[in-house]
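Data block below; observations after.
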Amino acid sequence: MEQTIIGAGGALLCVLVGHFLTRLWEEKRWKRDQKLLEFRELVTAITAAIADQQHYELAGGIKIDLFEKQMKSFKKAVRTIEDRIFILEDVKRLRIGERFFDGRNQFAEDQNGDAFAKNMGSILRDIVSEAQKI
């Protein structure tokens, strides 16, 4: 009788430990997936803002529809930079928002497309590099 109780208790303990470990693993995997998703959204938003900014500037900055498009994508990029949850510390540490603003403002002042591409490329490389560490 005692062996039956011990056997049943041991089996129950194994099931509980297995459930706990599975749940822990699934939570870690979910958080990892959320981080990757946020990094992907960040890259997409910044890339769109870069492309729309360059398109507007290359058009001579006179087309209102291009201006509105680049402002919309700029606002989306800023919102995406600022609303990260799972990668907030990475965004702050890498100074993504600050570097994005500085690069965009510098481009608006000097119209140096090469410097703009270099600055934005550096930001995107840092984001991708950080995402690959996950």
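Along its first, second and third principal axes, ordered by size, segment 63-134 spans 41, 24, 17 Å in Cα coordinates. Between residue 117 and residue 101, the contour length at 0.36 nm per residue exceeds the Cα-Cα span by 4.4 nm.
Across segment 54-59, coupling constants 3J(HN,Hα) worked out from phi with the 6.51/-1.76/1.60 Karplus curve, θ = phi - 60°, read 5, 4, 4, 5, 5, 7 Hz, and Gly and Pro carry x.
A straight Cα-to-Cα reach below 19 Å connects residue 69 with the aspartates and glutamates 41, 52, 57, residues fewer than 8 places away in its own chain not being considered. For residue 76, a cut-off of 26 angstrom between C-alpha atoms picks up these lysines, skipping any fewer than 8 places away in its own chain: 31, 35, 63, 92, 118, 133. Listed by chain and number, the aspartates and glutamates whose C-alpha is less than 17 Å from the C-alpha of residue 28, apart from same-chain residues fewer than 8 away, are 38.
Each reported figure results from applying straightforward, stated rules to the coordinates on display, with no laboratory input. For clarity, every value in this text was computed on a predicted model and none was experimentally measured.
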